[in-house]
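The values are calculated or read from the model by the stated rules, or taken from the named source; none is laboratory data. In this text, all values refer to a predicted model and were calculated from it rather than measured experimentally. All Cβ positions, glycine included, derive from the backbone under ideal geometry; neighbour counts span all protein chains shown. When the accessible area is computed, the model is the full protein with side chains, heavy atoms only, and any ligands, DNA or RNA have been set aside. Shrake-Rupley method; radii C 1.70, N 1.55, O 1.52, S 1.80 Å.
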Amino acid sequence: MTPLRDVYVVDAVRTPVGKYGGALSGVRPDDLAATVLRQLVARTPDLDPARIDDVFFGNANGAGEENRDVARMAVLLAGLPVTVPGVTVNRLCGSGMEAVIQAARAIAVGDASVAVAGGVESMSRAPWVLPKPERAFPAGHQQMYSTTLGWRMTNPRMPEEWTVALGEGAELVADRYGIDREAQDAFALTSHQKAADAWDAGLYDGEVVPVEGIDVARDECIRASSTLEALARLKPVFREDGTVTAGNSSPLNDGAAALLLVDEDGLRATGREPLARISATAVTGIEPQYFGAGPVEAVQRALKKAGRDLGDLGVLELNEAFAAQALACLSQWPGLDPAVVNPRGGALAVGHPLGASGARITGAVAHQLAAAGSGTGLATLCIGVGQGLALVLER
């Protein structure tokens, strides 16, 4: 049996994350994807782009301008050779990481030597959709659905407890794990402070690339001046007596991210030192309404595959869909040093452009391991409809 090949992350880039209706709202998602693909390739001039065996991109929507296989459209829009193929994958919030996993798997088994993996989402440009009527020429009004976020056109056979709004799911997780409002607000504030400090210190300079024609240098949703008092004044969104607010939830965002993955032969073709090596991945399922706790088991399984434990981690990027779900996950990982969790801020501040987030946090771990010179890192996300995804990197 042929042994699996090692898979290396050579580079990782992302756009600044734009806020809903903000600086990136005028940019099509296929153009955002092309932006990171073009700049990723340009940063490795020794690599002939024709050597890229496949391009994998995650996208959670697929109903708008990204609908015709956004990975392949990005290849063409980026000016890569037409011989470079592309495939789009969807695991909702985990789509960008799923793209990385599928690309790494193709390299590990020998189906590819060089691949690009990433993700893209424009929540600002997500369209409304209209179902086809059951009969021709309907006389009555028709229901239109927003595709920006969450359930729509729900199958009536789904149990109601599974199809609650994402924010209500965060409330349920807060109830189950005893996460109060004060803890959520404090966690959110810390996320903003860490993200602002990271930008001020230039820690994002090596991975964030500009979007042509757009004047935005930083992630738009970071509120460096936020306070606990300001967060405490916000009203709950999903329950009258709830704890989940706009301040302790991730915002709606636009953005894209991409990573260059290679085997040993591909690494020689790049002429570069890798940032990190992918050592293990895991995916798990959970009751849909408790989706926020999805990473708990996924992280444990991924670490076990890698022969590591929580105490070995030098960095853990946990996507912060909601402060409640992030805190719930952290409460289930005894032995984890809190200082290694999202040291440069998380999605509550940076933002959560659904299909891009998994690629963003995977790239963030790779860059942080490279900066440290050695160590083990992990990226993980919760996923709507009840899943968890995790990926271990080492250097």
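Here is how the numbers come out for the structure above:
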read-out: Cα gyration tensor shape for the stretch 61-102, rounded if a/c is under 1.5, else prolate or oblate; value: oblate
read-out: Simple spin-label estimate for residue 2 and residue 197 in nanometres, 7 Å along Cα-Cβ; value: 4.8 nm
read-out: Under the Debye formula (equal points on every Cα, no solvent term), log10 I(q)/I(0) of the stretch 135-265 at q = 0.12, 0.22, 0.23 Å⁻¹; value: -0.75, -1.31, -1.36
read-out: Percent accessible area from carbon and sulfur atoms, the stretch 226-370, protein chains only, probe 1.4 Å; value: 50 percent
read-out: Relative contact order, percent, the chain [alpha-carbon distance under 8 Å, six or more residues apart]; value: 27 percent
read-out: Amide H contacts of residue 87 (H built 1.01 Å from N, under 5 Å, at least 5 apart or other chain); value: 55, 56, 57, 72
read-out: Value at 222 nm in deg cm²/dmol, rounded to 500, when DSSP H runs of n ≥ 4 in the chain each add -39,500 (n - 2.57); value: -9500 deg cm²/dmol
read-out: Point-to-point label distance, residue 310-residue 111, nm (Cα→Cβ direction, 7 Å offset); value: 3.5 nm
read-out: Whole-angstrom gap from the stretch 276-330 to the stretch 234-264, using each part's C-alpha centre; value: 16 Å
read-out: Relative contact order (%) - criterion: Cα under 8 Å, at least six apart; region: the stretch 104-157; value: 29 percent
read-out: Paramagnetic reach from residue 180 (point 7 Å along Cα→Cβ, amide N under 14 Å) across the stretch 241-263; value: 243
read-out: Overall form of the stretch 195-311 per C-alpha gyration tensor (a/c, 1.5; a/b vs b/c); value: oblate
read-out: Surrounding net charge for residue 188, when Lys and Arg each add one and Asp and Glu each subtract one, Cβ distance under 14 Å; value: -1
read-out: Relative contact order of the stretch 1-120, defined on C-alpha pairs under 8 angstrom at six or more residues apart (%); value: 32 percent
read-out: Theoretical FRET efficiency, 1/(1+(r/R0)^6), r = Cβ-Cβ of residue 217 and residue 337, R0 45 Å, to 0.05; value: 0.90
read-out: Summed side-chain charge close to residue 171 - residues other than residue 171 whose Cβ falls under 14 Å, Lys, Arg +1, Asp, Glu -1; value: -2
read-out: Note, ³J(HN,Hα) from phi for the stretch 390-395, Karplus 6.51, -1.76, 1.60, rounded to Hz, x at Gly and Pro; value: 9, 9, 9, 10, 9, 9
read-out: Among 292-303, 274-285, 355-366, 164-175, the order from most to least packed when residues are scored by Cβ within 10 Å on average; value: 355-366, 292-303, 164-175, 274-285
read-out: Stretchable slack from residue 132 to residue 228, in nm (0.36 nm times residue separation minus alpha-carbon distance); value: 29.8 nm
read-out: Using distinct alpha-carbon pairs, which all enter the 1/r mean, Kirkwood radius of the stretch 1-137 in Å; value: 15.9 Å
read-out: Whole-number accessible area per residue in Å² for the chain, which is evaluated in the context of all protein chains at 1.4 Å; value: 42 Å²
read-out: Percent accessible area from carbon and sulfur atoms, the stretch 14-148, protein chains only, probe 1.4 Å; value: 52 percent
read-out: Built amide H within the under 5 Å cut-off of residue 276, gap 5+; value: 9
read-out: Positive minus negative residues near residue 346 (Lys, Arg vs Asp, Glu; Cβ under 9 Å); value: 0
read-out: Cβ-derived FRET efficiency at R0 51 Å, residue 273 paired with residue 165, nearest 0.05; value: 0.65
read-out: Inter-label distance, nm, simple model (7 Å from Cα along the C-beta direction), residue 301/residue 371; value: 3.1 nm
read-out: For the stretch 156-202 versus the stretch 1-54, the gap between their alpha-carbon centres in whole angstrom; value: 28 Å
read-out: Using θ = phi - 60° and Karplus 6.51 cos²θ - 1.76 cosθ + 1.60, couplings along the stretch 210-223 (whole Hz; Gly, Pro as x); value: x, 9, 4, x, 10, 8, 9, 9, 10, 4, 6, 8, 5, 10
read-out: Ranked packing of 39-46, 243-250, most packed first, by mean Cβ within 10 Å; value: 243-250, 39-46
read-out: Long-range HN-HN contacts of residue 320 with modeled amide H, under 5 Å; value: 347, 348
